[in-house]
Amino acid sequence: MTKALMEAAKLYNDPRFLSKSELRIYENKKRRLRIVRRQKMTIAFLIAIIVFVILFFRNTLPLEAQNDEYIPKCKYYKVVTVHVGDSVSSIAGSFFDEEEYDDFGSYVKEIASINNLDDTNMIRAGENLVVPYYDVYK
């Protein structure tokens, strides 16, 4: 019996339209549909929890372990006396560390800002410059 006929038969509550076996079959079908719906919701909920846990741990636990040979570097400052023919770029070239700075220009700008230099070409022999450099921890 179709769902529409079953609903029409329930309205009249007439035993001619509904036999006990048809009612039992209809109620069992409804119960199975509820069980399947509940199972689908449970599976969807479990999948959502698993995805959340995976994303949570993936984004919160960075795995950046260092190997045993890693030696930390520290930033130090050194006072350098400018000699005849020296420029900020030539002094920076001897202390520049590619691992610590993005590019050479940013390193020269850092030296200029530390020493309050407006023009990096305007240094004179005999001046002292503070130069940052990186070295192993002492």
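Please treat every number below as a calculation from the coordinates, not as lab data. Quantities reported herein were computed from a predicted structural model and do not represent experimental measurements. Heads up, the Cβs are rebuilt from the backbone with ideal geometry, glycines too, and the neighbour counts pull from every protein chain shown.
Here are the numbers for the structure shown:
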item	result
Options [x] 0.99; [y] 1.72; [z] 0.96 - which one matches Rg/Rh (Cα atoms, Kirkwood Rh) as calculated here	[y]
Relative contact order (%) - criterion: Cα under 8 Å, at least six apart; region: the chain	29
The chain: calculated mean residue ellipticity at 222 nm from DSSP helix runs of at least 4, using -39500 (n - 2.57)	-17000 deg cm²/dmol
DSSP bridge orientation in the chain - percent antiparallel, rounded to nearest 5	100
Fewest-first sequence of Ser89, Ser106 by Cβ atoms within 10 Å of each Cβ	Ser106, Ser89
